[in-house]
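What follows is one structure encoded as structure tokens, with my remarks underneath.
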Amino acid sequence: MTSIEIGGGTLVQPGWINLDSRNGVGEWARMAQDTPWPTGDNSVDALRASHVMEHIPAGQERIDVMNEAHRVLRPGGVFEVIVPILNNPLTWHAIADPTHVSFWVLESFHYFDGHFAANADYGIRLWNTLELEVRGGFECHWKGTPR
């Protein structure tokens, strides 16, 4: 079983590969948006990105990471993303950290699961959303599997 923690820093669970520019090992010492990742198509059982996607610039780099996750996950594999979100009432968690370069709301995930569509083709590979919820009033938990 192959499981990858994206941007895990020093908090990677035993048995997981750490795709991290500072704490990854060998070919895995890279930023998430440095694609393709060093693994084959449909070769990964689970991916997790906890408090890292907000450090990846919005736009093409965010799309590239989501598409690369889609490429490497096996059918039925799950990608878990945890991000601070802009919520109502407004919380400070998403915007206070000066290293956050992209912001998320619940609806951000709907561009990736096809519930919202842009008026152009951005090459987004679609996901099935398994879970989408806010915890603690500021933290979004999303789980998806490739369509």
(request) Being touching an Asp or Glu at 6+ places or on another chain (Cβ under 7 Å), under 26 Å from residue 40 (Cα atoms) and not acidic (Asp, Glu) narrows it down to one of 114, 144, so name that one. (result) 144
(request) With respect to residue 113, determine if the residue is without any contact (Cβ under 8 Å) to a residue 40 or more places away in the chain, more than 25 Å from residue 17 (Cβ to Cβ) and not hydrophobic (A, V, I, L, M, F, W, C). (result) yes
(request) State all residues of region 66-95 that are in contact with a helix residue (DSSP H, G or I) (Cβ under 7 Å, 6 or more places away or on another chain) and within 19 Å of residue 21 (Cβ to Cβ); if no residue qualifies, say none. (result) 66, 81, 83
(request) Answer with yes or no whether residue 92 is under 20 Å from residue 7 (Cα atoms) and either without any contact (Cβ under 8 Å) to a residue 24 or more places away in the chain or out of contact with any Pro (no Cβ under 6 Å at 6 or more places or on another chain) (or both). (result) no
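Is there a residue being hydrophobic (A, V, I, L, M, F, W, C), closer than 14 Å to residue 51 by Cα, part of a strand (DSSP E or B) and at pLDDT 95 or above anywhere in region 119-127? Steps first, answer last, please.
Taking region 119-127 as the starting set, the residues that turn out to be hydrophobic (A, V, I, L, M, F, W, C) are 120, 124, 126-127.
Pick out the ones that are also closer than 14 Å to residue 51 by Cα and you get none.
Taking every residue of region 119-127 in turn, none turns out to be hydrophobic (A, V, I, L, M, F, W, C), closer than 14 Å to residue 51 by Cα, part of a strand (DSSP E or B) and at pLDDT 95 or above.
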(message) Please verify whether residue 84 is surrounded by 14 or more Cβ atoms within 10 Å (Cβ to Cβ) and under 19 Å from residue 35 (Cβ atoms), treating the condition exactly as stated.
(response) no
(request) Kindly provide the set of residues from region 1-55 that are part of a helix (DSSP H, G or I) and over 17 Å from residue 83 (Cβ atoms), ordered by number. (result) 26, 27, 28
(message) Would you confirm whether or not region 74-83 contains a residue that is part of a loop (DSSP other than H, G, I, E, B), modelled with pLDDT of 90 or more and more than 18 Å from residue 50 (Cβ to Cβ)?
(response) no
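The values are calculated or read from the model by the stated rules, or taken from the named source; none is laboratory data. The structure displayed is predicted, hence computed values, not measured ones. No Cβ is skipped: glycine too gets one built from the backbone with ideal geometry, and neighbour counts run over all protein chains shown.
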